[in-house]
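Asker: Pasting in a structure now, in structure tokens, and then I'll have a few things to ask.
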Amino acid sequence: KSSARFVVLGGRVIAAHEYIAKDGDFRTNVAAKPKVRAKKYAPRFEKMAIQATSAFGLEFGGVDMLIHGRTPYVTEVNFPCNFVRAQKFLQCDIAFEMVQYLQRKASRLSKTFVHEKF
């Protein structure tokens with residue numbers, strides 16, 4: 001038994017991992033040190049995570065899914081989300097990616113305002 005967590009930023013999945021349930025328990029994300037592993041999911045699962053984030057008008061979020069066979073079920077979209085766990089276990093710098101995303105967005109917005117007449 002497992003569940004998936006997708007970290008979405010700016011319309012793309014920047015990290016994904018799987019929580020694995022301990023023997024005899026159906027819950028996957030309950031311990032202080034859950035069993036976690038990096039996992040590359042099918043593009044359609046990533047697309048669903050991106051769409052779920054967008055449906056809430058979010059640019060950043062953590063999307064949890066249960067996957068039964070080949071069928072994904074979105075269970076929740078979290079904002080803010082605890083990206084620190086993903087960052088630690090996957091050894092990817094999500095915080096840095098967020099800062100870069102915001103810098104690019106600020107740059108685009110400032111160019112828009114410069115060209116507008118007030």
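The values are calculated or read from the model by the stated rules, or taken from the named source; none is laboratory data. Just so we're clear, the structure is a prediction, and the values are computed from it rather than from any experiment. Note that each Cβ is placed from the backbone with ideal geometry, even for glycine, and that neighbours are counted across all protein chains shown. All accessible areas refer to the heavy atoms of the entire protein, side chains included, with ligands and DNA or RNA removed. Shrake-Rupley method; radii C 1.70, N 1.55, O 1.52, S 1.80 Å.
Asker: Quick one: in segment 59-77, which of the residues that are under 12 Å from Val7 (Cβ atoms) and aliphatic (A, V, I, L, M) is most open to solvent (accessible area, probe 1.4 Å)?
Answerer: The extreme case among them is Val77.
Asker: State whether the residues of segment 78-87 include one that is hydrophobic (A, V, I, L, M, F, W, C) and open to solvent by 100 Å² or more (accessible area, probe 1.4 Å).
Answerer: Checked segment 78-87: at least one residue is hydrophobic (A, V, I, L, M, F, W, C) and open to solvent by 100 Å² or more (accessible area, probe 1.4 Å).
Asker: Cβ-Cβ distance below 9 Å, separation of 6 or more or different chains: which pairs start in segment 93-118 with a residue that is surrounded by 12 or more Cβ atoms within 10 Å (Cβ to Cβ) and end on one that is at pLDDT 95 or above and among the aromatic types (Phe, Trp, Tyr)?
Answerer: Met98/Phe60; Tyr101/Phe60
Asker: Where residues in segment 7-40 are small (Gly, Ala, Ser) and at pLDDT 85 or above, which of them is most open to solvent (accessible area, probe 1.4 Å)?
Answerer: If we take residues in segment 7-40 being small (Gly, Ala, Ser) and at pLDDT 85 or above, then Ala38 is most open to solvent (accessible area, probe 1.4 Å).
Asker: For the structure I just gave you, tell me whether Leu66 is in contact with a strand residue (DSSP E or B) (Cβ under 6 Å, 6 or more places away or on another chain), more than 20 Å from Asp93 (Cβ to Cβ) and either outside any helix (DSSP H, G or I) or not hydroxyl-bearing (Ser, Thr, Tyr) (or both).
Answerer: yes
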